[in-house]
Amino acid sequence: MNQARFRHFGEAQRDDWALIDARFRDYVEDAPRRVLAHLHNLAGDTHGYPVDRYQHCLQTATRALRDGADEEMVVCALLHDIGDDLAPANHAEVAAAILEPFIDPLNTWMIRHHELFQGYHYRHYFGQDRHAREQYRDHPAYVRTVRFCDDWDQASFDPDYDTLPLEHFLPMVERVLCRTPRGGLPEPLPEHQVEHD
Ligand SMILES: [Fe+2]
């Protein structure tokens, strides 16, 4: 049996949850492959930019790597815009949510706020305050977020840059996304320990 047969949770037994839990763990382990498959969705249409979002992500990660950023930061650079096609109005939230269980909370904050910080380079063209990021000047992730945007993100639209291919980053993505998620995953109890009402 590789599939539970209950019709609603009230019919489910401990063995059903053990089966689902085992399948879920396999699914979790496969998450890096699915995330990278989604990254490929950013290839193609440039939406008017000099490079498409896929090349932009690779270039951002390449620049971070060459500047000596640690592995987690390089993975953040690679995936920071992965939400662009699903959530163009708040894409930073998607990448932050994907990475949050596996990375330093300050890096999650950095990704979640990178759009506002990146705005220093373009918000004034839209009548917005380019200095809006200064409201976070005292935040512990301020400096890294400024560096992320100024040195790597906003700089990575160069079609002639010597960008590394995705294959170069695959082991890094697997190592970060295969970390135990913060708080761990609950395991099913032995039947005799399950408390039924
Ligand atoms: Fe970006």
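A few notes on this one:
- Residue within segment 59-75 that is in contact (Cβ under 8 Å) with a residue 24 or more places away in the chain, surrounded by fewer than 16 Cβ atoms within 10 Å (Cβ to Cβ), under 19 Å from Leu177 (Cβ atoms) and more than 11 Å from the ligand (Cβ to nearest atom) present: yes
- Qualifying residue in segment 156-178 (condition: assigned to a loop (DSSP other than H, G, I, E, B), farther than 30 Å from Asp45 by Cβ and more than 16 Å from the ligand (Cβ to nearest atom)): yes
- For first residues located in segment 105-131 and over 16 Å from Ala89 (Cβ atoms), partners that are basic (Lys, Arg) and lie 6+ apart or on another chain with Cβ distances below 7 Å form the pairs Leu106/Arg144; Met110/Arg144; Phe117/Arg133; Tyr120/Arg130; Tyr120/Arg133; His124/Arg130; Asp129/Arg123; Arg130/Arg123.
- Screening Asp197 on (1) touching a residue at least 40 places away in the same chain (Cβ under 8 Å); (2) more than 16 Å from the ligand (Cβ to nearest atom); (3) in a loop (DSSP other than H, G, I, E, B) shows it passes everything except condition (1).
- Any chance Arg147 is within 16 Å of the ligand (Cβ to nearest atom) and in a helix (DSSP H, G or I): yes
- Taking the numbered list (1) more than 16 Å from the chain's Cα centre (by Cα); (2) surrounded by fewer than 16 Cβ atoms within 10 Å (Cβ to Cβ); (3) of a type outside the set (Ser, Thr, Tyr); (4) under 20 Å from Leu65 (Cβ atoms) in turn, Leu106 passes all entries but (1).
- For segment 120-149, the set of residues classified as of a type outside the set (D, E, K, R), surrounded by 20 or more Cβ atoms within 10 Å (Cβ to Cβ) and farther than 13 Å from His80 by Cα consists of Ala141 only.
- Long-range neighbours under 7 Å by Cβ, at least six apart or interchain, first residue in contact (Cβ under 8 Å) with a residue 24 or more places away in the chain within segment 1-30, second assigned to a helix (DSSP H, G or I): Arg14/Glu191
- Looking only at segment 45-58, and only at residues there that are farther than 15 Å from Leu166 by Cβ and more than 11 Å from the ligand (Cβ to nearest atom), the one that is surrounded by the fewest Cβ atoms within 10 Å (Cβ to Cβ): Gly48
- When Arg33 is tested against (1) out of contact with any Phe, Trp or Tyr (no Cβ under 8 Å at 6 or more places or on another chain); (2) surrounded by 15 or more Cβ atoms within 10 Å (Cβ to Cβ); (3) part of a helix (DSSP H, G or I); (4) of a type in the set (D, E, K, R), only condition (2) is not met.
- Residue within segment 187-194 that is of a type in the set (A, V, I, L, M), within 30 Å of Arg14 (Cβ to Cβ) and within 16 Å of the chain's Cα centre (by Cα) present: no
Each value in this text was obtained by applying a stated rule to the coordinates, not by laboratory testing. Quantities reported herein were computed from a predicted structural model and do not represent experimental measurements. All Cβ positions, glycine included, derive from the backbone under ideal geometry; neighbour counts span all protein chains shown.
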